[in-house]
Amino acid sequence: MNGPGVLEYSVLEQVLRRDRLIVAVGLVAVVALAWAYLAVGAGMDTEMMADMPDMAPMPWTPVYAALLFVMWWVMMIAMMVPSAAPTVLLYAAIRRKRATAPGTAAEAWVFLAGYLAIWAGFSLVAVMAQWSLEHLGLLSMAMTSTSAVLGGAILIAAGLYQFTPLKRACLRYCQSPLLFLSQNWRPGTIGALGMGLRHGGYCVGCCWFLMALLFVSGVMNLVWIIGIAVYVACEKLLPFGGRLSHAAGAALIISGAILLARAT
């Protein structure tokens, strides 16, 4: 005879079998919230920044620094989680097949937390770099480079980085979730966190110089943020991502050279 307890267990079991769907819906929600936060200005007065782009940047206070850190981190979440989603979902699928106890969705979120912790570290470095550039007078109120030489140098350096062995090695793991998981699998919650941290490290190694382009175009330039996010997704998810990486590198080098030539 079926009682309420049996029915509740059956419902719970069906939910757990849909853990990948739960993770997927959660990822979509996280990305949507991140983009919504950026769209409303990420706590910045974007209208003033647009109206007075040549003004001196805002004075730095602990609150302002914290706001910038949140802005950078949310920006990284919006840009990077979509291209990391296949790895997170594949992790959830493998974890489900190996499971001897429930918790697949929870450990997938731990994996994602480790991944995002690495990007939080990158965001902290980005804030420090922004402070240094503003202190040197190289960034405007609109968080855009005031120096064509700096802009050209960043473009050329980012382009050259696209051809380095480190870029290729990191991109290889970002392009192949199965390769990454097969070589780095660790069981349990601690294992999920460690794998997320490692995967985040590969993604930072793959994309950090592309994020530096925001100092050229404007840190809060939504067009560039969307453009870089789309490019990163194409580079990681499309079968010709390696060739795309080299093409982008060449285009960045040429653009940087043109900008430097105009500055002299």
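The values are calculated or read from the model by the stated rules, or taken from the named source; none is laboratory data. None of these values were measured; they are calculated from a predicted model. Heads up, the Cβs are rebuilt from the backbone with ideal geometry, glycines too, and the neighbour counts pull from every protein chain shown.
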Read through the list (1) under 24 Å from the mean Cα position of the chain (by Cα); (2) modelled with pLDDT under 90; (3) under 19 Å from L124 (Cβ atoms), then give the number of the only condition that W60 fails. (1)
With the condition kept exactly as written, say whether any residue in region 117-135 is outside any helix (DSSP H, G or I) and either aliphatic (A, V, I, L, M) or over 23 Å from the mean Cα position of the chain (by Cα) (or both). no
When both residues are 6+ apart or on different chains and their Cβ atoms are under 7 Å apart, which pairs have a first residue that lies in region 243-264 and is in contact (Cβ under 8 Å) with a residue 40 or more places away in the chain, and a second that is part of a helix (DSSP H, G or I) and among the acidic types (D, E)? S245/E235
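Residues that are buried (at least 19 other Cβ atoms within 10 Å of the Cβ), under 14 Å from the mean Cα position of the chain (by Cα) and at pLDDT below 95, at least 3 per element: which helices (runs of 4 or more DSSP H) completely within region 201-264 meet that? Outline the logic, then answer.
Numbers: elements: 214-217, 222-237, 241-263.
Per the criteria, 222-237.
Based on this model, can you work out whether A192 counts as touching a Pro at 6+ places or on another chain (Cβ under 9 Å) and crowded, with 20+ Cβ neighbours inside 10 Å?
On the way: touching a Pro at 6+ places or on another chain (Cβ under 9 Å): no; crowded, with 20+ Cβ neighbours inside 10 Å: yes.
No, not satisfied.
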Given the conditions (1) at pLDDT 95 or above; (2) surrounded by 18 or more Cβ atoms within 10 Å (Cβ to Cβ); (3) in contact with a Phe, Trp or Tyr (Cβ under 7 Å, 6 or more places away or on another chain); (4) among the hydrophobic types (A, V, I, L, M, F, W, C), which single one is not true for L181? (1)
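Among A84, A129, which is the only one that is of a type in the set (A, V, I, L, M), under 24 Å from L210 (Cβ atoms), touching a residue at least 60 places away in the same chain (Cβ under 8 Å) and in contact with a His (Cβ under 9 Å, 6 or more places away or on another chain)? Before you say what the answer is, go through the steps one by one.
Numbers: A129 fails: in contact with a His (Cβ under 9 Å, 6 or more places away or on another chain).
Answer to the selection: A84.
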Could you say which residue among L179, L171 is free of Cβ contacts under 8 Å to residues at least 40 places away in the same chain, hydrophobic (A, V, I, L, M, F, W, C), assigned to a helix (DSSP H, G or I) and at negative phi? L179
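Here is a check on your reading of the model: is E107 part of a helix (DSSP H, G or I), out of contact with any helix residue (DSSP H, G or I) (no Cβ under 9 Å at 6 or more places or on another chain) and not aliphatic (A, V, I, L, M)? Break it down into steps so the answer makes sense when it comes.
Values: part of a helix (DSSP H, G or I): yes; out of contact with any helix residue (DSSP H, G or I) (no Cβ under 9 Å at 6 or more places or on another chain): no; not aliphatic (A, V, I, L, M): yes.
The answer is no for E107.
For the structure I just gave you, tell me whether A92 is part of a helix (DSSP H, G or I) and at pLDDT below 95. Outline the logic, then answer.
On the way: part of a helix (DSSP H, G or I): yes; at pLDDT below 95: yes.
Here the answer is yes, as A92 does meet what is asked.
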Can you name the number of the only condition in (1) out of contact with any Lys or Arg (no Cβ under 6 Å at 6 or more places or on another chain); (2) farther than 20 Å from G114 by Cα; (3) surrounded by 15 or more Cβ atoms within 10 Å (Cβ to Cβ) that Y161 fails? (1)
Report yes if S123 is touching a helix residue (DSSP H, G or I) at 6+ places or on another chain (Cβ under 7 Å), surrounded by 16 or more Cβ atoms within 10 Å (Cβ to Cβ), at pLDDT below 90 and of a type in the set (S, T, Y), otherwise no. no
